[in-house]
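In what follows, a single structure is set out as structure tokens and then discussed.
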Amino acid sequence: MKLTPPLGLAPLAGITHRAFRRLVAELGGVSLFYTEMLNSRIISTQNPWKDPYCLDACLDQPLVAQIVGGEPEVIGRAIERLSPMGFDAFDINMGCPQKAIMKHGWGASLLGKPDVAKRIVARAKQATTRPIFVKLRSLPGHDLDGLVAFVKGLVDEGVDLIVLHPRSVEDGFKRPAKWEEIRALREEIDVPVYGNGDVFGPDDALKMIRHTRANGVLIGRGAVVRPWLFWEIVHGRKWPGDPLCVLKRFLSLLTLYSPPPYRRRQFLLFLGWFLRNWEHHHHLFKVAMGVDDPFEATHLIEKEIRMHGLNPVNTPIYFKI
Ligand SMILES: Cc1cc2nc3c(=O)[nH]c(=O)nc-3n(C[C@H](O)[C@H](O)[C@H](O)COP(=O)(O)O)c2cc1C
């Protein structure tokens, strides 16, 4: 698998569906895409070809299927079912902090169960000849020795690439990501380590690589607000396009790829981030919320932007979720 430039779109449940991945792929600069997290119990029992979450969007290559689960056998079977679909790699989610996920012993709760995590990687390796990735976060209390030992255990089982988002579950998004943990992991283990967390502009990406020596960078929220961010990193200059055209293209791709019952929700989830490109984005979002049809909403947003002469903002983006 060729991962150049070493930049990837991080998995974001509800956002990095086919339409959004295709949008980012068209804008360019990315060499790694992830599906939204796929529930191993559902995948292991149902037909993934009929599940829009499991399908690609042609240009979103290489594409990694991200699996969430806690039972090695179920995860193994899920990967076996997905294998004929042509994914380039499989990723095990060991970082999701949501209560609904952790209560099953999935996501970040695996960080407290190194033996189970190892068995999951071992079973995943049996299930496919494709690479197995693990995306994880910091351990409780930022126990760095514990993190290194945990990852070394996964390396022993054959994990091929690690992505670290260096925030603990307790941190939420309240504290900045501790990039020094990415560097520590990079120095201690022999498989590629990608860094993730708080890359919102081209300078951040370069700083992360320089500071951590990571083999690559995954970008999440920053790429939802500015899907052209990868282009800017690769070209080293400001993207020259019009954000309104990006919004309209997203809408067409949503129509192409997303089944009707999903569309409005996916549209609003995207807008909640993307409208930060303009001043008065809260007002624009309210306008969009007032109508059911995403096409009408886009038309009204454009009208507001033109009528009030709202300017795209170029200031750095900071988030509170
Ligand atoms: C809305 C949302 C959904 C997310 N969904 C997933 C997910 O499905 N799988 C995953 O591994 N991480 C998920 N994450 C975490 C991101 O992949 C990423 O690790 C985190 O946002 C930090 O990167 P960033 O600062 O570039 O956004 C999600 C984050 C957000 C904000």
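Every read-out reported here was derived from the displayed coordinates using simple, explicitly stated rules and does not represent laboratory data. Everything quoted here is computed from the prediction, not taken from an experiment. Note: ideal-geometry Cβ built from the backbone for every residue, glycine included; neighbour counts use all protein chains shown.
Restricting to the chain, what percent of DSSP beta bridges are antiparallel, rounded to 5?
Numbers: 1 of 29 bridges.
For the chain, the DSSP antiparallel bridge percentage is about 5.
For Cα pairs less than 8 Å apart in space and 6+ apart in sequence, what is the mean separation divided by the residue count of the stretch 243-307, i.e. the relative contact order in percent?
Numbers: 36 pairs, mean separation 19.9, N = 65.
So the answer I get is 31 percent.
Taking R0 as 45 Å, what's the FRET efficiency between residue 238 and residue 190 from their Cβ-Cβ distance, rounded to 0.05? Show your work: numbers first, answer last.
Values: r = 38 Å, r/R0 = 0.85.
Calculated value: 0.75.
Provide the net charge surrounding residue 108, with neighbours chosen by a C-beta distance below 13 Å and charges set as Lys +1, Arg +1, Asp -1, Glu -1.
Numbers: positive: 99, 103, 113, 135, 137, 167; negative: 170, 171.
So the environment of residue 108 carries a net charge of +4.
Lys and Arg at +1, Asp and Glu at -1: add these up for the other residues within a Cβ distance under 11 Å of residue 69 and post the number.
Numbers: positive: 41, 77, 123; negative: 71, 73.
So the environment of residue 69 carries a net charge of +1.
Quick one: angle between helix 260-274 and the longest Cα principal axis of the chain, in degrees between 0 and 90, rounded to 10, please.
80
Mind checking the angle between helix 144-156 and the chain's longest principal axis? C-alpha axes, 0 to 90 degrees, to the nearest 10.
In the chain, helix 144-156 runs at an angle near 70 degrees to the longest axis.
Report the relative contact order of the stretch 7-235, percent, no decimals, based on alpha-carbon pairs under 8 angstrom and at least 6 residues apart.
Details: 480 pairs, mean separation 41.2, N = 229.
Relative contact order of the stretch 7-235: 18 percent.
Using Cα atoms only, what is the angle between the long axis of helix 114-127 and the major principal axis of the chain, expressed in degrees (0 to 90) to the nearest 10?
80
With a sphere of radius 10 Å drawn around the Cβ of residue 18, what net charge do the other residues whose Cβ falls strictly inside it have (Lys, Arg +1; Asp, Glu -1)?
Working: positive: 21, 22; negative: 36, 56, 60.
Around residue 18, the charge tally is -1.
Could you tell me whether the stretch 38-141 comes out rounded, prolate or oblate from its Cα gyration tensor? Rule is a ≥ b ≥ c as square roots of the eigenvalues, rounded for a/c under 1.5, then prolate if a/b exceeds b/c, otherwise oblate. Mind dumping the intermediate values first?
Working: a/c = 1.66, a/b = 1.59, b/c = 1.04.
Prolate shape, in that a/c is at least 1.5 and a/b is the bigger ratio.
Taking the simple approach of a point 7 Å from Cα along Cα-to-Cβ for both residue 104 and residue 206, what is their distance in nm?
Those two pseudo-labels are separated by 4.3 nm.
Roughly how many debye, to the nearest 20, is the charge dipole of the chain about its Cα centre, given +1 on each Lys and Arg Cβ, -1 on each Asp and Glu Cβ, and no other charges?
Rounded to the nearest 20 debye, it is 380 debye.
Is the shape of the stretch 7-235 best called rounded, prolate or oblate, per the rule: a/c under 1.5 gives rounded, else a/b larger than b/c gives prolate, else oblate, with a ≥ b ≥ c the square roots of the Cα gyration tensor eigenvalues?
Values: a/c = 1.57, a/b = 1.06, b/c = 1.48.
Oblate is the answer for the stretch 7-235, as a/c is 1.5 or above yet b/c matches or exceeds a/b.
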